[in-house]
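**Q** Before anything else, here's the structure in question.
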Amino acid sequence: MATGRLGVGETLEALNAAVGPGSPVWFKETNARHLRVRDFLAPRSALQARFRDGQVPECVFSAVTCLQGPGVAPVLRCAPTPAGLSLQLQRPAVFERVLGALASYATPAKPASPGPRVVLHCPALRCNPSTLRLSQLRAVLVADHLTRTLRAHGVCVCSVPSVRDPHMATFLQKLRVDWPTTSKSTSAETLRTCVLAELNSASKEETLPPGVLGRLCLKELVEQRHAAGYDPSIDNCLVTEDLLSVLSELQEAVRHWPEGGSPGLDGDPDSGVDGCVVVHVVSCEEAFQQQKLDLLWQKLDDQAPPKQKHLVCGPVKVAGVPGTLLTAPEYYELRYTQVCKASALKHGGDLAQDPAWTENFDVLSVATIKFEMLSTAPQSRLLLADSAISTKGTKSGTFVMYNCARLATLFEGYKHGMQQGLYPAFPLVSSLDFSLLHDEGEWLLLFNSVLPFPDLLSQTVSLASTPGLHITVRTEMVCKFLVQLSMDFSSYYNRVHILGEPRPHLFGQMFARLQLLRAVREVFHTGLAMLGLPPLSHI
């Protein structure tokens, strides 16, 4: 049997190469109706643009049908249709390859060589939690999700700042945000000396507000870096001790990497600054001040990292509630109360007083918040609903956690049945007959969820090396993926009886289905881990 992880990207690349030079013409089908008859399609319009009269040469048919290569899925047939060139894979063989090597698909791929180290800076974490705005909370959750996903891919990440406020640390624990804490402060004496030298050379006296060391001009730097995208209205910066403390902590993170961190891009420990990318994750209200801080760092420190990127999160509003009236802790309490009420309506009684449900409510509240905050591209405006939480909605964190719990219940049911002697022990995966998986929902789960999952995670963490100050990341992809997976699994689970009658002639199909759902479960767990959420066994 062939080995190695199959990949959607590798298959598409091979298909387009088989057609010949030019723009890509193939795409992967995702629609359930279309997947009944094909897995990939080269649309007629694209073929007409590539070939005269849209007639595909026989040699292309032959090359596509015999497609082979690392990561390329085996092809069953390729045929012209009114929609274009339609291709279907050898589905039992794909099931066997994927379900026989679950770890390759349910865990993020590690890079062949170390990439740049990343300093992830989230200034909102210096705030008092009682005044934390929703837009700042969004930046915190984006930074946490990005950190987890980067680390899962083997990227060395240093999170800044270390949280000093114990109330903020407690609130982050409640939100299941994994961020370093400290009781120490960083010395800013060297930077203070640089500031005073700059101020003395400027030799301009002025009356300054209390606590301000002086005013430094940044206009020249802005003009030099105009193409990068700095705000042209930036003129000068009032330098305070607090500002220097922030810069000092960033300096420390870049120059003195935590023990066990990876070296620079070229493997030379001395290349630390050049092999480091600083990503400032800020709310839209903090963006202007962060640009000033970035420029001040460059002005005061000739060893400041040349690669500094800004990820600006869009504004957050709650429908019917003025944004200034709802803080992050109040938003958490609102969602927690709504989760408790929704669960009480479903199960009856005051479950909030039941210790067995306490952790569930905590997790469900955080899941609700994270899916609300992270399901929209971080750069876009976000409007939150003020309506009550429903356990029946199909696009919420509660719905995802519910389906994860259904999977846990299913496997617990199999385990209990096995202990009672109803079912045999799970056989070797190599002995399973995956040709018994012919329900359209089974192929939908494998082809749209398990197979493309590693590619999706890679796209999420791609810090595009585009020129300029700002970057975009696709942190919304994991939430959207888990919601769609939950919908596909729920539809399949409601229609197909997995644990069938304890009859030997039915066990083959049952075990093939259970192995598929093992893969789905692992994908669920990995995806939730990227969000800092544990799977639930009941809900």
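**Q** Rounded, prolate or oblate: which one fits region 461-539, using the alpha carbon gyration tensor with axes a ≥ b ≥ c (rounded when a/c is under 1.5, else prolate when a/b beats b/c, else oblate)?
**A** prolate
**Q** Among all the lysines, which ones have a C-alpha under 19 Å from Lys309's C-alpha, if same-chain residues fewer than 8 places away are not counted?
**A** Qualifying lysines at Cα under 19 Å: Lys292, Lys299.
**Q** What FRET efficiency, computed as 1/(1 + (r/R0)^6) with R0 = 56 Å and r the Cβ-Cβ distance, is obtained for Asn31 and Asp235, rounded to the nearest 0.05?
**A** Computed FRET efficiency for Asn31 and Asp235: 0.55.
**Q** Charges only on Cβ, +1 for Lys and Arg, -1 for Asp and Glu: so what's the dipole of the chain about the Cα centre, in debye to the nearest 20?
**A** Charge dipole, the chain, about its Cα centre: 1640 debye, nearest 20.
**Q** Is region 125-192 best put as rounded, prolate or oblate by its Cα gyration tensor, with a ≥ b ≥ c the root eigenvalues, rounded for a/c under 1.5, and otherwise prolate when a/b is larger than b/c, oblate when not?
**A** oblate
**Q** Out of Val316, Phe524, Gln379, whose Cα points farthest toward the positive end of the dipole of the chain (charges: +1 Lys, Arg; -1 Asp, Glu; placed on Cβ)?
**A** Going by the charge dipole, the pick is Phe524.
**Q** Here are some values of semi-axes √(5λ) of the Cα gyration tensor in Å: (1) 47, 32, 21; (2) 60, 34, 20; (3) 90, 36, 24. Which one was computed from this structure?
**A** Of the listed options (1) 47, 32, 21; (2) 60, 34, 20; (3) 90, 36, 24, (1) comes from this structure.
**Q** Moving to a separate point now. Determine, from the Cβ-Cβ distance of Ser104 and Thr65 and an R0 of 45 Å, the FRET efficiency 1/(1 + (r/R0)^6), rounded to the nearest 0.05.
**A** Given R0 = 45 Å and the Cβ-Cβ separation, E is 0.95.
**Q** Could you give the length gained on full extension between Leu506 and Gln459, defined as 0.36 nm per residue of separation minus the Cα-Cα distance, in nm?
**A** Result: 12.9 nm gained on full extension.
**Q** Express in nm, to one decimal, how much length is gained between Phe411 and Arg474 on full extension, taking 0.36 nm for each residue of separation and deducting their alpha carbon distance.
**A** In short, 19.4 nm is gained.
**Q** Same structure, new question: Under 15 Å from the Cα of Lys307, which aspartates and glutamates turn up, not counting those fewer than eight places away in the same chain?
**A** Hits, sequence-local ones excluded: Asp274, Asp294.
**Q** What nm distance separates the two modelled labels at Thr190 and Arg77, each placed 7 Å from Cα along Cα→Cβ?
**A** Inter-label distance under the simple model: 7.0 nm.
**Q** Another question, if that's okay. With the crude spin-label approximation of a point 7 Å out along Cα→Cβ, what separation in nm comes out for Gln48 versus Leu383?
**A** Modelled inter-label distance: 3.9 nm.
**Q** Under a 1.4 angstrom probe, counting protein chains only, how are His121, His226, His34 ranked by accessible area, largest first?
**A** His226, His34, His121
**Q** Ignoring ligands, DNA and RNA, what accessible area per residue does region 4-114 give at 1.4 Å, in Å²?
**A** 51
**Q** At 1.4 Å probe size, what's the solvent-accessible area of Val37? Round to the nearest 10 Å².
**A** For Val37, the solvent-accessible surface is approximately 90 Å².
**Q** Taking Cα pairs under 8 Å and at least six residues apart, what relative contact order does the chain come out at, in percent?
**A** 17
**Q** How many nm is it between the label spots at Glu330 and Gln420, if each spot is 7 Å from the Cα in line with the beta carbon?
**A** Going from the Glu330 label point to the Gln420 one covers 5.2 nm.
**Q** In terms of solvent-accessible area of protein heavy atoms at a 1.4 angstrom probe, what is the ranking of Cys156, Cys284, highest value first?
**A** Cys284, Cys156
**Q** Using the Cα centre of the chain as origin and beta-carbon charges of +1 (Lys, Arg) and -1 (Asp, Glu), tell me which of His280, Pro424, Val366 is placed farthest towards the positive end of the dipole.
**A** Pro424
**Q** On to the next question. Which residue, Phe51, Leu221, Cys404, has the largest displacement toward the positive end of the dipole of the chain when charges sit on each Cβ (Lys, Arg +1; Asp, Glu -1)?
**A** Positive-most Cα among the choices belongs to Phe51.
**Q** OK, next. Leaving out ligands, DNA and RNA, and with a 1.4 Å probe, what % of the accessible surface on the chain is carbon or sulfur?
**A** Roughly 53 percent, rounded to a whole number.
**Q** For Asp165 and Asp302 in one chain, what is 0.36 nm times their gap in residues minus the Cα-Cα distance, to one decimal in nm?
**A** Result: 46.2 nm gained on full extension.
**Q** Which lysines have a Cα less than 20 Å from the Cα of Lys480, not counting those fewer than 8 places away in the same chain?
**A** List returned: Lys28, Lys370, Lys392, Lys395.
**Q** Something else now. Using alpha-carbon pairs under 8 Å, 6+ residues apart, how would you state the relative contact order of region 45-109 in percent?
**A** Reported as a whole number, the value is 19 percent.
**Q** Let me ask something else. Considering amide H positions built from the backbone, and no H for Pro or chain starts, which residues 5 or more places from His470, or on another chain, come under 5 Å of its amide H?
**A** Correct list: His310.
**Q** Could you give me the radius of gyration and the Dmax of region 392-527, taking only the C-alpha atoms into account and expressing both in angstrom?
**A** 17.7, 64
**Q** Here is a further query. Kirkwood Rh over alpha-carbon pairs of region 75-198, then Stokes-Einstein at 25 °C and 0.890 mPa s: what D in µm² s⁻¹, rounded to an integer?
**A** Diffusion coefficient, whole number: 128 µm²/s.
The values are calculated or read from the model by the stated rules, or taken from the named source; none is laboratory data. None of the values given here were measured: they were computed from a predicted structure. Note that each Cβ is placed from the backbone with ideal geometry, even for glycine, and that neighbours are counted across all protein chains shown. Ligands, DNA and RNA are excluded from the accessible area calculation, which covers all protein heavy atoms including side chains. Shrake-Rupley method; radii C 1.70, N 1.55, O 1.52, S 1.80 Å.
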